[in-house]
1. Per residue of region 75-83, in order, report the coupling 6.51 cos²θ - 1.76 cosθ + 1.60 (Karplus, θ = phi - 60°) as ³J(HN,Hα) in whole Hz, putting x for Gly and Pro.
2. If you average 1/r across every pair of different Cα atoms in the chain and take the reciprocal, what Kirkwood value do you get, in Å?
3. Taking a 1.4 Å probe, which of 48, 73 shows the most accessible area, and what order do the others take after it?
4. Keeping every protein chain present and rolling a 1.4 Å probe, give me the accessible area per residue for the chain in Å².
5. Normalised by the number of residues in the chain, what is the relative contact order in percent for Cα pairs under 8 Å and 6+ residues apart?
6. Would you please classify the overall shape of region 56-129 from the alpha carbon gyration tensor, given that a ≥ b ≥ c denote the square roots of the eigenvalues, rounded means a/c under 1.5, and beyond that prolate means a/b larger than b/c while oblate covers the rest?
7. Please arrange 118, 59 by accessible surface area, largest first, computed with a 1.4 Å probe and ligands excluded.
8. Any idea what the dipole of the chain comes to, in debye rounded to 20, about its Cα centre with Lys/Arg Cβ at +1 and Asp/Glu Cβ at -1?
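The values are calculated or read from the model by the stated rules, or taken from the named source; none is laboratory data. Keep in mind the model is a prediction, meaning the values are calculated, not measured. Positions of Cβ are backbone-derived with ideal geometry, glycine not excepted, and every protein chain shown enters the neighbour counts. Accessible surface areas use protein heavy atoms only, side chains included; no ligands, DNA or RNA. Shrake-Rupley method; radii C 1.70, N 1.55, O 1.52, S 1.80 Å.
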Amino acid sequence: KYLRRGLGGDGKPACLPMHFTEMQSLLSSRGNLDHSSAAVAGATWEDLDPLELERYRRVIRESQRGDGALLELPNEELARVLSAIDGDGVVRVAGLLLFGREDTLRTHIPTHEVAFQVLRGSDVVVNEFFRWPLIRIMEELVSRFRARNQETELPLGMLRIGVPDYPERAFREALANALIHRDLTRMGAVHVQWHPDRIEISNPGGFPDGVGLHNLLVTPPRPRNPLLADAF
């Protein structure tokens, strides 16, 4: 319940009470608290957009990889199964991020923002910011990726094979990870930056506790926001 903050007058560490929201932020930044499971004060069922719930179903149908049983559930039951709302109908952070209306997201989750930028040296050719629900953002940025991802034809015997600059599956995975695992308690956008020779994707937040550069490739998966990870 206390956080060391400098030294007191006697030269010993001074311990001041930590505010509850500060504690939540600290635990969330370390991956010890699923901030996406928190209830959103003042949010109601009307703040969720039925079009976004239908978008989620459509993605399942088109990908043929999701749980087909979700397709038959009515909206409220689907939201409950995904833990977007709890058993009493209280809207969670994950619910707004997945299905919330844009104005509601701006009001209740001001840290949520995604930027798409095209850079040419120091010049910013495209600089757009989105505060939409996550599935809609995924679809929008994948569409922009496809429009810009060029192919090079390579000869293979008597055939010519088109090889894209970047594999779409890798882009999807990197983007989904950036959206799911961002630290929701920190201000700042998830950035997708398209350079002439690379794509950089970054999000606010450091490594969770127990994860670092020394074990990044071998440590078990540890999602920062498990509810979002499960829904994706």
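1. Karplus values, whole Hz, x for Gly and Pro: 3, 5, 5, 4, 5, 6, 4, 7, 6.
2. 20.0 Å
3. Ranked list, largest accessible area first: 73, 48.
4. Averaged over the residues of the chain, the accessible area is 59 Å².
5. 22 percent
6. oblate
7. Order by accessible area, largest first: 59, 118.
8. For the chain, the charge dipole is close to 680 debye.
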